[in-house]
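The values are calculated or read from the model by the stated rules, or taken from the named source; none is laboratory data. Fair warning: this is a prediction, and the values are worked out from it, not measured in the lab. Heads up, the Cβs are rebuilt from the backbone with ideal geometry, glycines too, and the neighbour counts pull from every protein chain shown.
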Amino acid sequence: MNQTAPRSPFDLSGRTALITGSTRGIGFALAQGLGRAGAHIVVNGRQQAAVDEAVARLAAEGIGASGAVFDVAQEASVAAGFAALDAAGREIDILINNAGIQHRKPMLELELADWQRVLDTNLTAAFLVGREAARRMVARGRGGKIINIGSLTSQAARATVAPYTVAKGGIKMLSRAMAAEWADKGIQANSIGPGYILTDMNQALVDNPEFDAWVKASNPTRRWGKPEELAGTAVYLASSASDYVNGQIIYVDGGWLSVL
């Protein structure tokens, strides 16, 4: 008698994942990872052309994908983006709050507007998008997964990136707050803390010989991480394999924090 093989707990088939800031860099790598695990990917960005290009790249790999253009840092834009998803019949089962920016400046020279801009994009946006996704997850009654992208600076401060450090520390606690409020609704909210990753946002640091040498010397792996090396952790946290994991942060840093 033929028996159907049990479904892998990491299989995301039939689920839809919205990934903010996913037109390039870490966000796009996460889109590829979840898409290869079977999820339909909703690519997000502020520019229609960039979103369309990312959707086309995923489709060329055989990954089901669609786009959602909205500004994660603007409450009205987030609401309109979710209204459009509702109208299109897109039910978000998995949310990855990935969108983020950086602003390097000593605190004594830091303008309030730049402080606020970084917090709005890196922390408040995760609340705004997470709230809209969770409202729908709760209403549907089948739970969901929220993954917030933190950083090494969720745990360890670095000079000249104060607003980023504060925002990413907040991401760790936002995930715990989400877990505290929504766990009984079947929602798991966790964070990933990437280490120093080779992305466009870090290119100036990669190109700085002194900083590049420091990253390699301070990490047990003696190298930068790759965006795709975050995908496995994201698939785990997005899948049923992590159904009893909530309010946690997993650092994917090559062991950097272990040797501080």
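Examine the stretch 203-222 for a residue that is within 20 Å of residue 19 (Cβ to Cβ), of a type outside the set (Val, Ile, Thr) and either surrounded by 19 or more Cβ atoms within 10 Å (Cβ to Cβ) or in contact with a Leu (Cβ under 8 Å, 6 or more places away or on another chain) (or both), and state whether such a residue exists.
The answer is no; no qualifying residue exists.
For the stretch 71-81, enumerate the residues that are over 19 Å from residue 118 (Cβ atoms) and either β-branched (Val, Ile, Thr) or buried (at least 21 other Cβ atoms within 10 Å of the Cβ) (or both).
Scanning the stretch 71-81 gives a single hit, 81.
Can you confirm whether the stretch 108-125 contains a residue that is small (Gly, Ala, Ser) and surrounded by 15 or more Cβ atoms within 10 Å (Cβ to Cβ)?
yes
Considering only the stretch 183-202, state which residues are surrounded by 13 or more Cβ atoms within 10 Å (Cβ to Cβ), under 19 Å from the mean Cα position of the chain (by Cα) and of a type outside the set (Val, Ile, Thr).
188, 189, 190, 191, 193, 194, 195, 196, 198, 201, 202
So if I check each of 143, 150, which one is closer than 15 Å to residue 30 by Cβ and touching a Phe, Trp or Tyr at 6+ places or on another chain (Cβ under 9 Å)?
150
Check 33, 25, 14, 38 and return the single one that is at pLDDT 95 or above and surrounded by 22 or more Cβ atoms within 10 Å (Cβ to Cβ).
Exactly one residue qualifies, and that residue is 33.
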